[in-house]
Amino acid sequence: MTVRTRFAPSPTGSLHIGNVRSGLFAYLFARHNGGKFILRIDDTDRERSTKESLEEILTDLKWLGMEWDEGPPDPRYFESNRLDRYRECVRKLLREGKAYPCYCTAEILEAKRKAAEKERRKPVYDRTCRKNLPASDELPDRAAGRNYAIRFAMPFTGETVLDDLVRGRSVFDNAELDDLVIMRSDGGPTYNFATVVDEADFEITHVVRGDDHVPNTPRQIQVALALGFAPPAFAHLPQVMGPDNARLSKRHGATSVSAYREGGYFPEALLNYLARLGWSHGDQEIFSKAELIEYFGFDECGKSPGVFNAEKLLWLNFHYLKERPLPQLAREVRPFIVKRGWPIPGDEEWLQKMVATLQERAKTLDELAEFASFYLKDEIEIDPKAAAKFLTAAISPTLNELANGIDSIGGDFSEDAIRGVFDGLLARQGLKLGQVAQPVRVALTGGTVSPGIYEVIAVLGRDRTVKRLRTAIERVG
C-alpha cells in the first residue's frame with residue numbers, strides 16, 4: 001500500500017498554527033513512508049473563501065517547505081469544483097434508502113434543541129423526517145415546495161470502532177449517533193460528507209487532524225461504509241493550547257504562519273518547533289527537515305495537549321540565526337530592510353560585514369534589520385538621556401582628536417587600523433577605553449548599546465564615522 005495523506009485548509013483566513021501542525025504531521029508521515037502528500041482546498045464556504053487567503057496559504061506552505069505531490073493549481077483538488085460528485089453520492093444514498101430529505105426549519109430545530117436541554121436529553125435530531133425513507137434518487141423540487149436538507153440515516157444498531165493511531169481504540173454505539181446533515185438547504189455539501197467522498201476519491205490512506213474532530217469520525221466512517229468506501233486510518237492529535245491551557249487563539253499573540261514569516265522567523269525554526277509540539281524523539285530538540293522525516297512516527301506522539309510557547313520558538317529561531325551562513329543571512333535580511341525604506345550603503349560584501357556584527361544579538365530577521373538602523377540611516381536619532389550623560393563639553397576635544405585620527409587612516413580601513421588610532425589617543429590623553437568608547441558609541445549609533453566599537457566604525461566607514469563624530473561635537477557646542 002502506498003501511503004497517501006492530505007491537508008485540506010479552508011481559504012477563509014490565515015493558516016493557523018494548530019492547523020498547519022496537523023498538516024505537517026501528515027506531510028512527515030507520508031515522506032517517512034515514501035508516500036504522497038495531497039493538498040486539497042476546502043472552499044465550499046463561498047461567502048468566506050477568498051483568492052487572497054488561498055494565495056497566502058500556498059505561500060506559507062511553500063515557505064515552510066511542505067511541498068505537495070498533488071493539489072493546486074490542479075482544479076480537481078478544489079472542493080468547489082466537485083459539487084456534481086457530491087450530489088451524485090447523495091443520490092446514491094437516497095436511492096438505497098440511506099438518506100432522506102429533512103424539512104425541519106432552523107426555528108423548529110432550535111426548539112427541539114432547547115426542549116432536549118430542558119429535559120436533560122442529548123441535543124441530537126429526533127429523526128422526525130425519517131419516517132418514510134425514499135427509495136428514489138430524485139431530489140424534491142425546491143421551487144415547488146418547502147425547502148429541505150438531506151440527512152444521513154444512521155444505523156440504529158451495532159457499533160463503530162475507531163482504532164486511532166494516537167489515541168488508541170474507541171467504540172461508539174451507533175444508536176447514540178445522530179442523523180447528520182450531509183447536504184445543506186442551499187444544495188451544498190457539509191464538511192462531514194464532502195471530506196468522506198474526497199478521502200475515497202483521492203485514495204487517502206491516513207487522515208491526520210486535531211482531536212476536536214473525534215466526534216465526527218464515527219459518523220464519517222458510517223457514511224463511508226454506506227457509500228461502499230473503505231474508511232482511511234485516523235490519527236487524531238491533541239489540541240494546541242495557549243499558556244493558560246485554553247485553545248490557542250489570537251489573544252495569545254501571533255497564531256498564523258504568515259505572522260511569523262513576515263516577522264522574520266525562519267521556516268526551519270517554525271517547522272522544528274511545530275514538530276516538537278506533540279511529538280518527541282528522545283531528548284533531541286534541534287532537528288533538520290531530513291531528520292524529522294527519518295524519525296517521525298505516530299507512536300512517539302503525545303496524548304496530552306501541546307502548549308504553544310512563543311519564547312521557546314524565539315529561542316529556536318535565535319539558534320538558527322546564529323548558525324546561518326553570512327551570505328544567506330545577508331540575502332534573507334534584505335527584504336526586511338527594504339520594507340523600512342532604508343538604503344543599503346554598500347555592496348553584498350559590506351552587507352555581510354554589517355550582518356556579522358549583529359548576528360549574535362538579533363533573534364529574528366525583523367529584529368536584525370531594526371538593530372541595523374544606525375548602519376543604514378543617513379541621519380540617526382540620539383537618545384537625549386545618553387547624550388546628556390556622555391556627550392559633554394569635556395569629551396569634545398577627545399572626539400575631535402579621534403575624528404582627525406580616523407580621517408587620517410590610509411587605504412586599509414580595518415579594525416586593526418581603527419584600534420591603532422584609539423590606542424594612540426588613549427595613551428596621549430591618559431584615558432581608558434571605556435571613557436572614550438561610550439561617548440563614541442552614542443555619537444555613532446544614537447544609543448549606549450551596540451556591537452564592539454571597532455566593528456561599528458569598520459562597517460560605518462571613514463566618511464560616515466567622521467561626519468557623525470563632527471555632528472556630535474557641534475551638538476555639544
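The values are calculated or read from the model by the stated rules, or taken from the named source; none is laboratory data. Nothing here was measured: the structure is a model prediction, and the numbers come from that model. Cβ sites come from the backbone with ideal geometry, for glycine too, and all protein chains shown count toward neighbours. Quick note on the areas: whole protein, heavy atoms, side chains included, nothing else; ligands and nucleic acids left out. Shrake-Rupley method; radii C 1.70, N 1.55, O 1.52, S 1.80 Å.
The combined condition, being over 30 Å from Asp178 (Cβ atoms), open to solvent by 30 Å² or more (accessible area, probe 1.4 Å), modelled with pLDDT of 90 or more and not in a strand (DSSP E or B), is fulfilled by Arg261.
Sort out which residues of region 361-388 are in a helix (DSSP H, G or I) and of a type in the set (Gly, Ala, Ser), and write them in order of number. Scanning region 361-388 gives Ala369, Ser373, Ala386, Ala387, Ala388. Within region 389-429, restricting attention to residues that are free of Cβ contacts under 8 Å to residues at least 40 places away in the same chain, farther than 24 Å from Glu474 by Cα and outside any helix (DSSP H, G or I), which residue is most open to solvent (accessible area, probe 1.4 Å)? The residue in question is Asp412.
Mind listing whichever residues of region 1-20 are outside any loop (DSSP other than H, G, I, E, B), within 15 Å of the chain's Cα centre (by Cα), of a type outside the set (A, V, I, L, M) and surrounded by fewer than 24 Cβ atoms within 10 Å (Cβ to Cβ)? Steps first, please.
Narrowing region 1-20 to residues outside any loop (DSSP other than H, G, I, E, B): 4-7, 16-20.
Still in the list and also within 15 Å of the chain's Cα centre (by Cα): 7, 16-20.
Restricting the remaining residues to those that are of a type outside the set (A, V, I, L, M) gives 7, 16, 18-19.
His16, Gly18, Asn19 - these are the residues of region 1-20 that are outside any loop (DSSP other than H, G, I, E, B), within 15 Å of the chain's Cα centre (by Cα), of a type outside the set (A, V, I, L, M) and surrounded by fewer than 24 Cβ atoms within 10 Å (Cβ to Cβ).
Sub-6 Å Cβ pairs linking a first residue in region 337-360 that is assigned to a loop (DSSP other than H, G, I, E, B) to a second residue that is surrounded by 17 or more Cβ atoms within 10 Å (Cβ to Cβ) and of a type in the set (A, V, I, L, M), at least 6 apart or interchain, are Trp342/Leu376; Ile344/Leu351, ordered by first then second residue.
Counting the residues of region 298-327 that are buried (at least 17 other Cβ atoms within 10 Å of the Cβ), more than 28 Å from Asp212 (Cβ to Cβ) and either hydrophobic (A, V, I, L, M, F, W, C) or modelled with pLDDT under 95 (or both) gives 2.
Exactly one residue among Phe298, Phe318 is within 15 Å of Gly263 (Cβ to Cβ), out of contact with any Pro (no Cβ under 9 Å at 6 or more places or on another chain) and touching a residue at least 12 places away in the same chain (Cβ under 8 Å), and that residue is Phe318. Working only within region 67-76, note down all residues that are under 19 Å from Ser14 (Cα atoms) and touching a residue at least 60 places away in the same chain (Cβ under 8 Å). Selection gives Trp68 alone. Residues considered: Glu47, Glu70, Glu55, Glu107. Of these, the only one that is surrounded by 15 or more Cβ atoms within 10 Å (Cβ to Cβ) and among the charged types (D, E, K, R) is Glu70.
A search for C-beta distances below 6 Å between a residue of region 90-114 that is under 20 Å from Val223 (Cβ atoms) and any residue that is among the acidic types (Asp, Glu) and open to solvent by less than 60 Å² (accessible area, probe 1.4 Å), counting only pairs 6+ apart in sequence or on different chains, returns Arg91/Asp137; Leu94/Asp137; Arg95/Asp137. Screening the candidates Ala356, Ala369, Ala330 for the property of being hydrophobic (A, V, I, L, M, F, W, C), at pLDDT 95 or above, open to solvent by less than 50 Å² (accessible area, probe 1.4 Å) and more than 22 Å from Val449 (Cβ to Cβ) yields one hit, Ala330. Pairs are defined by a Cβ separation below 7 Å, a sequence spacing of at least 6 or placement on different chains, a first member in region 264-287 that is part of a helix (DSSP H, G or I), and a second member that is charged (D, E, K, R) and crowded, with 22+ Cβ neighbours inside 10 Å; the pairs so defined are Leu274/Arg21. Scanning region 430-449 for residues that are buried (at least 19 other Cβ atoms within 10 Å of the Cβ) and at pLDDT below 95 returns no hits. Scan region 21-36 for residues that are assigned to a helix (DSSP H, G or I) and of a type outside the set (A, V, I, L, M, F, W, C) and report the count. Matching residues across region 21-36 total 6. Can you tell me which residue within region 437-477, out of those that are in contact (Cβ under 8 Å) with a residue 12 or more places away in the chain and not in a helix (DSSP H, G or I), is farthest from Gln352 (Cα to Cα)? My answer is Gly477. All conditions but one from (1) touching a Phe, Trp or Tyr at 6+ places or on another chain (Cβ under 9 Å); (2) modelled with pLDDT of 95 or more; (3) farther than 24 Å from Glu70 by Cβ; (4) buried (at least 21 other Cβ atoms within 10 Å of the Cβ) apply to Val196; the one that does not is (3).
Pro189 satisfies every condition listed in (1) farther than 27 Å from Glu300 by Cα; (2) free of Cβ contacts under 8 Å to residues at least 12 places away in the same chain except (2). Scanning region 221-246 for residues that are without any contact (Cβ under 8 Å) to a residue 40 or more places away in the chain and under 28 Å from the mean Cα position of the chain (by Cα), we see that the one that is surrounded by the fewest Cβ atoms within 10 Å (Cβ to Cβ) is Asp244.
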